[in-house]
Amino acid sequence: MEASKEAFLREFGEHYGYPNGPKTIDEIRATEFKRLDGLVYLDHAGATMYSELQMEAIFKDFTTNVYGNPHSQSDTSSSTSDIVREARQQVLDYCKASPKDYSCIFTSGATAALKLVGEAFPWSCQSCFTYTMENHNSVLGIREYALDQGAAAFAIDVEETVHHGVSNGTAASMKVLQYQVQRRNEASSLEEPTGEAYNLFAFPSECNFSGLRFSLDLVKIIKEDPARILEGSPFCNGRWMVLIDAAKGSATEPPDLSLYPADFVVMSFYKLFGYPTGLGVLIARNDASRLLKKTYFSGGTVATSIADIDFVRRRKSVEELFEDGTISFLSIASVHHGFKILNSLTVSAISRHTASLAWYVRKKLLGLRHENGARVCTLYGDSKALFHDFGPTVSFNLKRSDGSWSGYREVEKLASLSGIQLRTGCFCNPGACAKYLGLSHLDLRSNFEAGHVCWDDHDIIHEKPTGAVRVSFGYMSTFEDAKKFIDFVTSSFIALPNWIESGYQLMQGSESRLGAASFYLKSITVYPIKSCAGFNVESWPLSTTGLLHDREWVLASLSGEILTQKKVPEMCFISTFIDLDKGILFVESPRCQVKLPINFITDSCNGGSEQIKLNGQRYEVQSYKNEVNIWFSNAIGRPCTLFRCFSSSHNFCLNKIKSASMRREVQSVLNFSNEAQFLLISEESVSDLSHRVSTNVQKGACGAASQISPMRFRPNIVISGGEPYAEDGWKILKIGNKYFTSLGGCNRCQMINIVHDEAGLLQKSNEPLATLASYRRMKGKIFFGILLKYERSEPVGRDGDLWLQVGQDVHPNVS
């Protein structure tokens with residue numbers, strides 16, 4: 001056993017691995033989660049994993065028993081009703097809720113349960129919706145119902161709590177900050193609350209951003225003495241009801257409703273045991289559920305109705321009243337098998353097991369230091385809280401030795417290359433995100449105006465992170481998972497590669513390695529249709545957009561989405577060729593029997609014109625007749641439309657960044673290229689990379705050893721000569737008698753890890769991006785090749801002086 005695991009077990013051995021359970025954690029992983037071999041899954045807060053034995057039991061159940069629609073009296077329907085009844089009881093038992101006091105309403109998930117409460121709650125102009133800042137967007141959405149009905153809404157921040165019973169000690173340790181009251185109807189704000197209105201207070205049992213667990217004492221405090229929390233608020237005297245979002249927290253610490261009688265609790269089953277998805281519950285106190293106002297009725301919710309007059313009588317039971325239509329009875333039948341696993345291990349053992357892993361990761365992350373002594377990691381959560389006040393979630397950001405932030409997308413990208421799956425962003429929790437990252441309202445709005453939205457790549461704006469990195473553990477997580485994650489952070493963000501010792505470093509405009517080296521143009525490739533295959537030529541004319549006709553066409557879905565190989569890998573099998581003399585683009589596909597000729601001279605008037613959007617820019621494009629679109633639809637196996645950029649005025653000005661290797665200050669006129677007119681790749685750089693990949697594979701790193709072709713990177717220009725990576729430092733270069741400006745390095749993505757074999761199958765690996773990340777990473781980007789802009793000084797035409805020719809000399813950094 002490794003020394004690190006021995007040390008871990010000395011500290012957490014009595015909590016880790018289910019020592020008193022039916023199986024140890026190693027046995028669970030070996031028999032029930034074989035598909036996780038080689039993969040570290042650390043997003044259990046997003047969705048935990050289902051057990052293979054669990055799914056086998058479900059399949060056996062479904063292939064042995066017959067379940068019918070429960071809205072009937074047949075034998076199969078009665079059997080289903082019994083299963084549903086048992087599932088409701090299992091849910092109530094999980095939260096220690098008596099069926100005398102609570103009902104279990106099945107929904108499509110926790111979000112649907114929250115929506116049900118919001119739209120059916122008895123809001124009035126004297127009501128108030130209060131919620132903690134650390135809440136999921138699905139909870140914040142209830143605010144819309146409250147404000148629309150004239151109610152008030154405001155957030156509070158519970159700054160510090162402890163896990164003890166309600167007492168003077170607890171009250172003294174709870175600090176609450178109230179935020180501004182929101183209203184949409186100003187007239188209603190003039191009415192003083194009478195104390196008869198119903199109010200709703202919502203909080204999570206565990207914050208899905210920070211992992212901080214909220215004290216369930218809040219339930220009793222709000223219901224029995226709301227002035228402790230709402231001191232000075234006119235809503236203190238109202239009738240308060242409490243909602244707990246237990247979607248995150250219930251997997252390891254479900255709320256005990258026998259001790260903390262909340263009015264509403266919501267959960268989703270995929271958070272508990274992975275399957276089924278699309279099924280959740282609203283656990284509602286019976287007296288509270290009778291106050292909910294439901295307008296719509298449906299099949300299953302009525303005792304009787306008359307079609308041609310206004311007459312309906314609804315069912316009396318809470319479940320039947322709120323479950324519209326036929327419930328997802330097969331998913332509900334699956335719930336039993338999930339609870340069987342949790343009950344065999346026990347929730348308390350699961351909580352201790354996952355807490356030990358989270359505490360280990362927190363401890364290790366806090367101890368990481370750069371060589372200059374600077375902290376590597378900033379953890380989020382209440383620093384005063386004890387570790388048992390956290391769920392099995394660790395949220396953080398990483399800093400470089402100079403104090404700048406490593407963006408969360410950089411961490412996610414590198415983690416994926418290391419076989420680690422984690423979560424990044426704000427996790428749909430804007431209040432917690434703003435609180436822990438120190439983002440003001442102005443910051444949030446300016447970030448949005450700068451183009452930042454949920455799930456995008458804008459991880460650092462104005463030198464501040466816009467989100468965080470989150471790792472979370474489930475009942476099947478292991479010490480090895482946690483250790484591999486810590487090793488990944490250490491190797492990728494502390495022991496950063498010494499590029500000089502590795503052989504080459506990213507050049508910063510230096511000309512020290514040019515010497516008397518000679519370079520020449522090895523190959524030219526034109527890609528007429530974006531993301532389709534290109535063709536090599538010995539010579540080709542230049543234009544204002546780069547190589548003539550390069551990326552001049554694009555395929556789009558019927559909804560207008562631009563199609564690329566990232567989403568439609570089959571595009572790589574569409575081969576292209578242009579006959580300049582005839583003015584014809586020829587396309588072929590193994591899925592199409594005939595070669596398609598597109599005359600871009602005579603066909604230019606056959607289709608209509610419209611506008612499309614790509615990379616935030618609008619293009620005026622020419623469309624084609626239906627037979628062309630049918631050909632391409634058959635070629636890629638989905639309906640699509642071909643467009644041609646026929647009046648491009650796209651002056652693409654890339655972001656200005658100080659680093660010489662990332663210069664983007666020059667405007668370029670582009671067709672459908674992502675960043676620049678040309679991508680230049682060095683044959684020597686590819687050869688060096690290929691050698692490094694082979695070495696890494698031989699050492700046991702992930703990936704497959706294979707010779708890497710320059711075409712893997714889809715370059716327009718391949719050069720030969722000189723040392724590897726000499727191109728990094730080029731500013732201006734001359735090919736033949738044409739001048740080009742370097743716009744800096746090309747940031748690579750995982751597309752270069754995908755190879756299409758001759759059988760038409762996708763082959764994915766971690767290489768060569770994983771190797772590139774080990775020595776070509778700078779400020780969160782992985783560079784390989786450089787982007788160029790053609791410095792045209794002559795009128796465009798067919799003059800031979802405006803052609804590139806294979807074999808021409810390449811002269812870097814000419815004046």
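The values are calculated or read from the model by the stated rules, or taken from the named source; none is laboratory data. Keep in mind it's a predicted model, so treat the numbers as computed, not measured. Quick reminder, even Gly has a Cβ in these numbers, built from the backbone with ideal geometry, and neighbours come from all protein chains shown. The accessibility values were calculated without ligands, DNA or RNA, using every heavy atom of the protein model including side chains. Shrake-Rupley method; radii C 1.70, N 1.55, O 1.52, S 1.80 Å.
Among the helices (runs of 4 or more DSSP H) confined wholly to segment 49-128, which include 1 or more residues that are in contact with a strand residue (DSSP E or B) (Cβ under 8 Å, 6 or more places away or on another chain)? Lay out the reasoning, then the answer.
Details: elements: 52-64, 75-94, 110-120.
Once the helices (runs of 4 or more DSSP H) in segment 49-128 are filtered for at least 1 residues that are in contact with a strand residue (DSSP E or B) (Cβ under 8 Å, 6 or more places away or on another chain), what remains is 75-94, 110-120.
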For segment 406-453, what are the residues that are touching a Gly at 6+ places or on another chain (Cβ under 8 Å), farther than 13 Å from SER395 by Cα and surrounded by 13 or more Cβ atoms within 10 Å (Cβ to Cβ)? SER406, GLY407, ARG409, GLU410, GLY419
Please determine, by comparing only the residues of segment 663-686 that are at pLDDT 95 or above and more than 23 Å from SER531 (Cα to Cα), which one is most open to solvent (accessible area, probe 1.4 Å). GLU684
Just one of GLY583, GLY560 is modelled with pLDDT under 95, in contact with a Phe, Trp or Tyr (Cβ under 7 Å, 6 or more places away or on another chain), over 30 Å from PRO812 (Cα atoms) and surrounded by fewer than 16 Cβ atoms within 10 Å (Cβ to Cβ); which is it? GLY583
Is it the case that segment 35-53 has a residue that's free of Cβ contacts under 8 Å to residues at least 60 places away in the same chain, hydroxyl-bearing (Ser, Thr, Tyr) and open to solvent by less than 30 Å² (accessible area, probe 1.4 Å)? no
(1) polar (S, T, N, Q); (2) assigned to a helix (DSSP H, G or I); (3) under 30 Å from LYS34 (Cβ atoms) all hold for SER477 apart from (2)
Taking the criterion of being in contact with a helix residue (DSSP H, G or I) (Cβ under 9 Å, 6 or more places away or on another chain), buried (at least 20 other Cβ atoms within 10 Å of the Cβ), under 18 Å from TYR198 (Cβ atoms) and aliphatic (A, V, I, L, M), would at least one residue in segment 249-256 satisfy it? no
Within segment 54-82, considering residues that are surrounded by 15 or more Cβ atoms within 10 Å (Cβ to Cβ) and of a type in the set (A, V, I, L, M), the one nearest to VAL469 (Cα to Cα): MET55
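Every residue in segment 210-237 that is in a helix (DSSP H, G or I) and either open to solvent by 60 Å² or more (accessible area, probe 1.4 Å) or assigned by the TED database to the domain that holds ASN397 (or both), please.
Those that are in a helix (DSSP H, G or I) and either open to solvent by 60 Å² or more (accessible area, probe 1.4 Å) or assigned by the TED database to the domain that holds ASN397 (or both): LYS220, LYS223, GLU224, ARG228, PRO234, ASN237.
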Going by what's in this entry, would ILE574 be described as open to solvent by less than 20 Å² (accessible area, probe 1.4 Å), under 22 Å from CYS749 (Cβ atoms) and within 38 Å of the chain's Cα centre (by Cα)? yes
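Confirm whether SER706 is modelled with pLDDT of 95 or more and farther than 30 Å from ALA450 by Cβ.
no
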Which condition does LYS96 not pass, out of (1) within 20 Å of LEU342 (Cβ to Cβ); (2) open to solvent by less than 30 Å² (accessible area, probe 1.4 Å), if it passes all the others? (2)
State yes or no: is ALA333 open to solvent by less than 20 Å² (accessible area, probe 1.4 Å) and more than 22 Å from ALA202 (Cα to Cα)? yes
Out of the residues in segment 716-752 that are in contact (Cβ under 8 Å) with a residue 40 or more places away in the chain and of a type in the set (Lys, Arg), state the one that is most open to solvent (accessible area, probe 1.4 Å). LYS731
Looking at segment 257-285 only, could you name the residues that are surrounded by fewer than 14 Cβ atoms within 10 Å (Cβ to Cβ) and part of a helix (DSSP H, G or I)? none
Which residues, counting only those in segment 454-489, are open to solvent by 40 Å² or more (accessible area, probe 1.4 Å), farther than 25 Å from LEU212 by Cα and either of a type in the set (A, V, I, L, M) or touching a Pro at 6+ places or on another chain (Cβ under 9 Å) (or both)? none
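Kindly establish whether LEU200 is at pLDDT below 90 and hydrophobic (A, V, I, L, M, F, W, C).
Answer is no for this residue.
Taking the stated definitions as given, is LEU521 assigned to a loop (DSSP other than H, G, I, E, B) and either closer than 22 Å to ASN716 by Cα or at pLDDT 90 or above (or both)? So that I can check it myself, show each step before the final result.
On the way: assigned to a loop (DSSP other than H, G, I, E, B): no; either closer than 22 Å to ASN716 by Cα or at pLDDT 90 or above (or both): yes.
No: the conditions fail for LEU521.
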Among the residues of segment 193-209, write down those that are touching a residue at least 60 places away in the same chain (Cβ under 8 Å), in a loop (DSSP other than H, G, I, E, B) and either closer than 30 Å to ARG470 by Cα or among the β-branched types (Val, Ile, Thr) (or both). THR194, CYS207, ASN208, PHE209
Taking the condition small (Gly, Ala, Ser), surrounded by fewer than 21 Cβ atoms within 10 Å (Cβ to Cβ) and on the phi > 0 side of the Ramachandran plot, does GLY299 pass? no
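So, LYS567, is that one open to solvent by 70 Å² or more (accessible area, probe 1.4 Å), touching a Phe, Trp or Tyr at 6+ places or on another chain (Cβ under 7 Å) and without any contact (Cβ under 8 Å) to a residue 12 or more places away in the chain or not?
Details: open to solvent by 70 Å² or more (accessible area, probe 1.4 Å): yes; touching a Phe, Trp or Tyr at 6+ places or on another chain (Cβ under 7 Å): no; without any contact (Cβ under 8 Å) to a residue 12 or more places away in the chain: yes.
No.
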Does segment 585-598 contain any residue that is closer than 26 Å to PHE740 by Cβ and either assigned to a loop (DSSP other than H, G, I, E, B) or among the hydrophobic types (A, V, I, L, M, F, W, C) (or both)? yes
Might you let me know whether segment 493-508 holds any residue that is open to solvent by less than 50 Å² (accessible area, probe 1.4 Å), in contact with a Cys (Cβ under 9 Å, 6 or more places away or on another chain), in a helix (DSSP H, G or I) and modelled with pLDDT of 95 or more? no
Quick test of your reading of the structure: GLY560 fulfils all but one of (1) touching a residue at least 40 places away in the same chain (Cβ under 8 Å); (2) in contact with a Lys or Arg (Cβ under 8 Å, 6 or more places away or on another chain); (3) in a loop (DSSP other than H, G, I, E, B); (4) farther than 19 Å from GLN622 by Cβ. Name the failing condition by number. (4)
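Being in the same structural domain as THR252 (by the TED database), small (Gly, Ala, Ser) and touching a residue at least 12 places away in the same chain (Cβ under 8 Å) narrows it down to one of GLY407, GLY338, so name that one. Steps first, answer last, please.
Numbers: GLY407 fails: in the same structural domain as THR252 (by the TED database).
So the residue among GLY407, GLY338 that is in the same structural domain as THR252 (by the TED database), small (Gly, Ala, Ser) and touching a residue at least 12 places away in the same chain (Cβ under 8 Å) is GLY338.
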